[in-house]
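The values are calculated or read from the model by the stated rules, or taken from the named source; none is laboratory data. Everything quoted here is computed from the prediction, not taken from an experiment. Here the Cβ positions follow ideal geometry from the backbone for every residue, glycine too, while neighbour counts run over all protein chains shown.
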Amino acid sequence: MFKNIIKKIVHNLGYKIIPLAAITKPEVSNPEDIERLNQVSLSGGPILLHFGCGPRVLKNWINIDLAFEPYEYYLQFYGEEFYPENIRGSRKDLFEINIIRDGIPLPDNSVDGIFHEDFFEHLVQRDQIIFLAETLRVLKPGCVHRINTPNLSASMRDYSDFKKGKSGVYTDEWNQWEHFSVINPVILEEMAKMTGYSDVQFTERNKSHIAHVLPKEYRPNPADRPAIDANVFADLYK
C-alpha cells in the first residue's frame, strides 16, 4: 500500500521510478523497433535522435527510451509552452531500445543531430562513456550532440555546506532524483574529448547551434533549480 502511494506521488511529479536492478540488468530492446530503426536508416532523410524522451515524444525525431509513455497525463507539467501540439509525436516515433546493452542500430556517420535533457545523469559512469562513444560513432562529422544535464558544481555550491562534513553534503542530488553520475562542465569536456569529440562548446538554455531544430528546452525547472548555471548546456561536435 505504502509503495503504491510513493509511486503515485512520483508519477504526479512527472518522474518514474527506475528499479535498481535495471542498472545491473538492463531492460531488453524491442526487436520490432530495432528493425523499424534499421528501415529508417535506409530512407535517406535526415536522422535526429532524442534520447530519454519519456512522455515528451517529438514529431519527426527518432525518440529512444526503454518504454513508451503517453503524454496526456504529463501535459500538466510540460504545458503547451514546452510541448505544443505541433511537435507531439506518437508511438510510431518512439523506439524502445536499450542502447547501452544493444548499441544504436544505425550505421556509422548517419545521424544529423542528437538531443537529450536530464538523461545523461541517469547513467552510471561506465554507461556514460559507452553512450558518448556510441553517439560519436553514428553522428556525421561536423554535426552536433546537444547535452542538457544538471551541473554538479552548482548543486553542491547551492545546497551543500562542506564545513559540516558528511552531514553537510547535499545527497538528494543522487537520492531524490535517481541520479547516478552527475557532471560539471570540466568533467563533460574531459569525457567528450576522451571519447573522440573534436570540440565542446558551452552555451545557455535554448542557445544551441542547432536550436532551429530543437524543441524549447524544458529543463531545468526553476522551482527546484533556480540558479542560472543549474544545468550544463553543451554542444558536442564530432
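Overview of values
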{"quantity": "Where E80 falls short, out of the listed (1) outside any strand (DSSP E or B); (2) charged (D, E, K, R); (3) at pLDDT 95 or above", "calculated": "(3)"}
{"quantity": "From E121, E69, residue being within 16 Å of the chain's Cα centre (by Cα), modelled with pLDDT of 95 or more and of a type in the set (D, E)", "calculated": "E121"}
{"quantity": "Residues located in segment 56-72, provided they are surrounded by fewer than 21 Cβ atoms within 10 Å (Cβ to Cβ), out of contact with any Gly (no Cβ under 8 Å at 6 or more places or on another chain) and under 18 Å from D118 (Cβ atoms)", "calculated": "L66, A67, Y71"}
{"quantity": "Scope segment 32-55; condition in a loop (DSSP other than H, G, I, E, B) and surrounded by fewer than 16 Cβ atoms within 10 Å (Cβ to Cβ); matching residues", "calculated": "L42, S43, G44, G45, P46"}
{"quantity": "Which listed residue is in contact with a His (Cβ under 9 Å, 6 or more places away or on another chain) and hydroxyl-bearing (S, T, Y), from S167, S160, S181, S155", "calculated": "S181"}
{"quantity": "Enumeration of residues in segment 73-87 that are within 20 Å of N148 (Cβ to Cβ) and surrounded by 15 or more Cβ atoms within 10 Å (Cβ to Cβ)", "calculated": "Y74, F77, Y78, F82, Y83, I87"}
{"quantity": "Some residue of segment 218-238 being in contact with a His (Cβ under 9 Å, 6 or more places away or on another chain), surrounded by 19 or more Cβ atoms within 10 Å (Cβ to Cβ) and of a type in the set (D, E, K, R)", "calculated": "yes"}
{"quantity": "Tabulated pairs, segment 220-236, first touching a residue at least 40 places away in the same chain (Cβ under 8 Å) and closer than 14 Å to S208 by Cα, second part of a loop (DSSP other than H, G, I, E, B) and among the aliphatic types (A, V, I, L, M), C-beta under 9 angstrom, 6+ apart or interchain", "calculated": "D235/I210"}
{"quantity": "Where a residue in segment 125-141 is at pLDDT 95 or above and its partner, wherever it lies, is surrounded by 15 or more Cβ atoms within 10 Å (Cβ to Cβ) and part of a strand (DSSP E or B), with Cβ under 7 Å and at least six apart", "calculated": "T135/I114; T135/H145; V138/V111; L139/V111; L139/I114; L139/H145; K140/V111; K140/D112"}
{"quantity": "Test for N109: is it out of contact with any Asp or Glu (no Cβ under 6 Å at 6 or more places or on another chain), assigned to a loop (DSSP other than H, G, I, E, B) and at pLDDT 95 or above", "calculated": "yes"}
{"quantity": "Helices (runs of 4 or more DSSP H) (entirely within segment 137-216) containing at least 1 residues that are surrounded by fewer than 13 Cβ atoms within 10 Å (Cβ to Cβ), more than 17 Å from the chain's Cα centre (by Cα) and not basic (K, R)", "calculated": "172-175, 185-195"}
{"quantity": "Contacts under 8 angstrom Cβ, first residue in segment 24-53 being under 24 Å from C143 (Cα atoms), partner of a type in the set (S, T, Y), 6 or more apart", "calculated": "S41/S110; I47/S41; I47/S110; L49/T135"}
{"quantity": "Subset of segment 98-118 [over 17 Å from L214 (Cβ atoms) and either under 14 Å from the mean Cα position of the chain (by Cα) or of a type in the set (D, E, K, R) (or both)]", "calculated": "N98, I99, I100, R101, D102, D108"}
{"quantity": "Residue pairs meeting the criteria (Cβ under 8 Å; at least 6 apart or on separate chains; first free of Cβ contacts under 8 Å to residues at least 60 places away in the same chain, in segment 152-167; second loosely packed, with under 13 Cβ neighbours inside 10 Å and hydrophobic (A, V, I, L, M, F, W, C))", "calculated": "M156/F162"}
{"quantity": "Residue in segment 24-44 that is within 24 Å of D118 (Cα to Cα), within 17 Å of the chain's Cα centre (by Cα) and of a type in the set (A, V, I, L, M) present", "calculated": "no"}
{"quantity": "Subset of segment 14-49 [farther than 20 Å from G103 by Cβ and modelled with pLDDT of 85 or more]", "calculated": "G45, P46"}
